Amino acid sequence: MKRFENKNVVVIGGTHGMGLATVKALIDGGAHVCLTGNNQENVDRAKADLGAGVAVIRSDASSLSDIDTLRETVSDVFGTIDALLVFAAVAEFEPFECVSEASFDRQFALNTKGAFFVAQQLAPLIKDGGSITFTTVTPATGSPQMSVYMGTKAAVRAFTQAFAAALLARRIRVNALAPGFIDTPSLGLASLTPEARQAVYDIGNQVTPMKRHGTVAEIASGALFLAFDATFSTGIELPLDGGLSTVECP
Ligand SMILES: NC(=O)c1ccc[n+]([C@@H]2O[C@H](COP(=O)([O-])OP(=O)(O)OC[C@H]3O[C@@H](n4cnc5c(N)ncnc54)[C@H](OP(=O)(O)O)[C@@H]3O)[C@@H](O)[C@H]2O)c1
């Protein structure tokens, strides 16, 4: 029997990057997967890549009406869910003095409000004994260019503990993975120019104690550990950051 056989899993933000790597590991393990993304081109590419057996849905995680529709679709397709994983987020790289109300609202709308209401609305479909896994960011250091983004993820860190407490009675474990510098197509910074993204990439390799970026496969493995194997952990945040938050950089 495969590791995830007969498991129904919903992945919010699974069309590329670490979400897609997690989706592929789930499919390899025999899971039934429903995944979302907001960009129609990326949704279409994931559909073509993953084939007919996988439900790929365009759904904006910052929109309560889209989340409502998603809940109905997931209920029709799966009935119940074993695990919900939330990857969708946006990071806008800008100095604190330049933050606009619009960029503040965009980041909080998806990363914070979206994570909250996706979990709230899908929780009734999660089986007792299931799991929710959020994605935060390594708690390593404050970045002057990412004040809003760090704030959005600090709230998700708090939701992880609060939801873990709220769902204890149903034995639903709620945890978060906290990536450091990970080699994804966007590096988590979709709004940057390719040159600026390369500069961030180079910094990541320098400041990470392990002197490299993490791979999407390493993140998928950590995410699936939290979702399925970490049966005595709830309310935790697991750093997957090459030592960035824990070890002095040589
Ligand atoms: N990469 C890194 O180094 C890094 C580091 C720390 C933390 N993280 C966090 O890790 C997670 C994944 O990052 P990543 O680099 O793999 O990818 P990403 O560029 O952050 O995108 C992740 C996924 O989110 C989806 N998405 C974006 N806007 C959405 C919306 N409004 N509604 C629904 N889905 C939406 C994207 O799909 P579409 O494009 O199809 O909409 C994609 O599938 C994020 O939470 C990020 O903040 C990343």
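The values are calculated or read from the model by the stated rules, or taken from the named source; none is laboratory data. These figures come from a predicted structure and were not determined experimentally. Virtual Cβ from ideal backbone geometry, glycine too; neighbours counted across all protein chains shown. Just the protein is used for accessible areas: all its heavy atoms, side chains included, with ligands, DNA and RNA removed. Shrake-Rupley method; radii C 1.70, N 1.55, O 1.52, S 1.80 Å.
Here the range 51-86 is scanned for amide nitrogen atoms under 17 Å from the site 7 Å beyond the Cα of Gln40 along Cα-to-Cβ, giving 56-61, 66.
Rounded to the nearest 10 degrees, the inclination of helix 40-50 to the longest alpha-carbon principal axis of the chain is 60 degrees. Out of every Cα-Cα pair that the range 1-143 contains, those further apart than 18 angstrom amount to 57 percent. With one equal scatterer per alpha carbon and no solvent term, the Debye-computed log10 I(q)/I(0) for the range 109-200 at 0.18, 0.20, 0.21 1/Å reads -0.85, -0.98, -1.05. With each label modelled as a point 7 angstrom along the Cα→C-beta vector, the Ser191-Ser100 pair spans 0.9 nm. Measuring between alpha carbons in the structure, the pairs from Lys2/Lys127; Lys2/Lys24; Lys47/Lys113; Lys2/Lys47 lying more than 25 angstrom apart are Lys47/Lys113. For the chain, with a Gaussian network of springs between Cα atoms less than 10 Å apart, report the residue from Ala52, Ala21, Ala115 with the top mean-square fluctuation. Per the Cα network of the chain with a 10 Å cutoff, Ala52 tops the list. To the nearest 10 degrees, how steeply does helix 147-166 sit against the main Cα axis of the chain, on a 0 to 90 scale? Approximately 30 degrees, to the nearest 10. When Met1, Met146 are compared by accessible area of protein heavy atoms, the largest-first order is Met1, Met146, using a 1.4 Å probe. For the range 8-240, a crude dipole built from +1 on the beta carbon of Lys and Arg and -1 on the beta carbon of Asp and Glu, taken about the Cα centre, is about 540 debye to the nearest 20. Look at the dipole of the chain built from charges on Cβ: of Val77, Gly14, Ser63, the Cα furthest out on the positive end belongs to Val77. Taking all protein chains in place and a 1.4 Å probe, what share, in percent, of the accessible surface of the chain do carbon and sulfur account for? So the carbon and sulfur contribution to the accessible surface is 57 percent.
Computed per residue of the chain from DSSP H runs no shorter than four, each worth -39500 (n - 2.57), the mean residue ellipticity at 222 nm is -12000 deg cm²/dmol. Expressed in units of 2.2 N^0.38 Å, where N is the residue count, the Cα radius of gyration of the range 164-215 is 1.65.
The alpha-carbon atoms of the chain, seen along their principal axes, cover 46, 35, 35 angstrom, with the largest extent given first.
Starting from the Cα of Asp28, step 7 Å along the direction of its Cβ; do the same at Arg3; then give the gap between the two resulting points in nm. Modelled inter-label distance: 0.8 nm. Farthest toward the positive end of the dipole of the chain, out of Ala230, Gln206, Gly114, is the Cα of Ala230, where the dipole comes from beta carbon charges about the Cα centre. Think of a 1.4 Å ball rolled over the protein heavy atoms: the range 8-240 then has 44 Å² of accessible area per residue.
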